[in-house]
1. I need every pair where a residue in region 166-193 that is in contact (Cβ under 8 Å) with a residue 12 or more places away in the chain and under 19 Å from Leu143 (Cβ atoms) has its Cβ under 7 Å from the Cβ of a residue that is assigned to a helix (DSSP H, G or I) and among the small types (Gly, Ala, Ser), sequence separation at least 6 or different chains.
2. Taking helices (runs of 4 or more DSSP H) that fall entirely within region 1-113, which contain at least 2 residues that are of a type in the set (Ser, Thr, Tyr)?
3. Yes or no: Glu166 surrounded by 14 or more Cβ atoms within 10 Å (Cβ to Cβ) and not small (Gly, Ala, Ser)?
4. Pick out the one residue from Ala43, Ala85, Ala106 that is more than 23 Å from Val127 (Cα to Cα), at pLDDT 95 or above and small (Gly, Ala, Ser).
5. Could you count how many residues in region 131-148 are touching a strand residue (DSSP E or B) at 6+ places or on another chain (Cβ under 7 Å) and among the hydroxyl-bearing types (Ser, Thr, Tyr)?
6. For region 28-37, what are the residues that are closer than 17 Å to Gly58 by Cβ and either among the basic types (Lys, Arg) or surrounded by fewer than 24 Cβ atoms within 10 Å (Cβ to Cβ) (or both)?
7. Could you list, in sequence order, the residues of region 133-163 that are under 15 Å from Ile183 (Cβ atoms) and surrounded by fewer than 17 Cβ atoms within 10 Å (Cβ to Cβ)?
8. Of the residues Pro265, Pro211, Pro225, which is at pLDDT below 95, surrounded by 15 or more Cβ atoms within 10 Å (Cβ to Cβ), of a type outside the set (Gly, Ala, Ser) and on the phi < 0 side of the Ramachandran plot?
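The values are calculated or read from the model by the stated rules, or taken from the named source; none is laboratory data. These numbers were taken from a predicted model, which means no experiment stands behind them. Quick reminder, even Gly has a Cβ in these numbers, built from the backbone with ideal geometry, and neighbours come from all protein chains shown.
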Amino acid sequence: MPYLVDSHCHLASLSYETEAFDSLPKLLKRAYNCGVTHFLSIACTKDEFIKQEKLTKGYKNIYMSCGLHPLNLDEMPDFKEEDIASCFGNDRTIALGEIGLDYHYAPETRERQIDVFARQIALGHKVKKPLIIHAREACNDTLSLMRSENARDIGGVVHCFTDTVEMARAVLDMGFYISFTGIATFKASDNVREVLKYVPLDRLLLETDCPYLAPVPVRGVENEPAFVRYTTNFISDFKNVSQAQLATITSKNFEELYKVKLQEPEPLDIEASDYKLKPQVLHAPLSA
């Protein structure tokens, strides 16, 4: 049976105080009920990684990543590469990130962002983990650093892609994957759909970026892994492939990028709310 991967979520940032769930098992059960069975949880600082590692302990279907996000520089003012490197003594820690550049929210820290991004790409070479790259309104500098620091030799993904087809082409030429969030479903996101049209299926990943960016038809609530099913349904229609095909291909892409083998998770014998889960996703098989 095909299953879905939420390839980028922030499980340690969810409130666990919603109508939907009040614990990680209930959140996972809601996701399983929508065909979402594997997760990559992202930490943007070392402290967040410690919190995330404790939260997800014992779940073999929850993988982890850690890096210093460009909007979290103040939380690690004396950034040292070894602080992030220390997070990789765990088989479930499969990627370095998210790292990158964000000139939309923090143009004033541009020089420091560039320095920390370059140092973390260098760290990626040392720890031999794929990179998860955040790039917002920083296309030229992002591509320049990826080239000068030989990111091609590490590989990775540019997540929550919202840039141009030209940037997508450059990223794909370096062997990277491109990941799409619920932004692809937003009415005003024609630019994202232009990129989605261009990116081949064998280089595409699906993500929520939860708790942010809930897709249509659940915009305005806290996002969660179950909702990647809505994005899947939209993209399968847009790319003219079945939901099952898209799930199978994107799960394979995840395995190939992160060098893991996805296994069927243990069932969770608990009740979970169906709040905001529409009939077309709740317990509905991924259509062939």
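1. Once the first residue is in contact (Cβ under 8 Å) with a residue 12 or more places away in the chain and under 19 Å from Leu143 (Cβ atoms) and sits in region 166-193, its partners that are assigned to a helix (DSSP H, G or I) and among the small types (Gly, Ala, Ser) give Met174/Ala151; Ile178/Ala168; Val192/Ala184.
2. Numbers: elements: 24-32, 46-55, 81-85.
Per the criteria, no element qualifies.
3. On the way: surrounded by 14 or more Cβ atoms within 10 Å (Cβ to Cβ): no; not small (Gly, Ala, Ser): yes.
In short, no.
4. Details: Ala43 fails: more than 23 Å from Val127 (Cα to Cα); Ala85 fails: more than 23 Å from Val127 (Cα to Cα).
Exactly one residue qualifies, and that residue is Ala106.
5. The initial filter retains those residues of region 131-148 that are touching a strand residue (DSSP E or B) at 6+ places or on another chain (Cβ under 7 Å), namely 131-136, 138, 141-142.
When the remaining residues are screened for being among the hydroxyl-bearing types (Ser, Thr, Tyr), the result is 142.
Selection size over region 131-148: 1.
6. Our first condition is that a residue be closer than 17 Å to Gly58 by Cβ; within region 28-37, this holds for 28-29, 31-32, 37.
Answer for region 28-37, where residues must be closer than 17 Å to Gly58 by Cβ and either among the basic types (Lys, Arg) or surrounded by fewer than 24 Cβ atoms within 10 Å (Cβ to Cβ) (or both): Lys29, Tyr32, Thr37.
7. Let us first name the residues in region 133-163 that are under 15 Å from Ile183 (Cβ atoms), namely 134-137, 158-163.
Listed by number, the list holds a single entry, Glu137.
8. Numbers: Pro211 fails: at pLDDT below 95; Pro225 fails: at pLDDT below 95.
Just one listed residue meets the conditions, Pro265.
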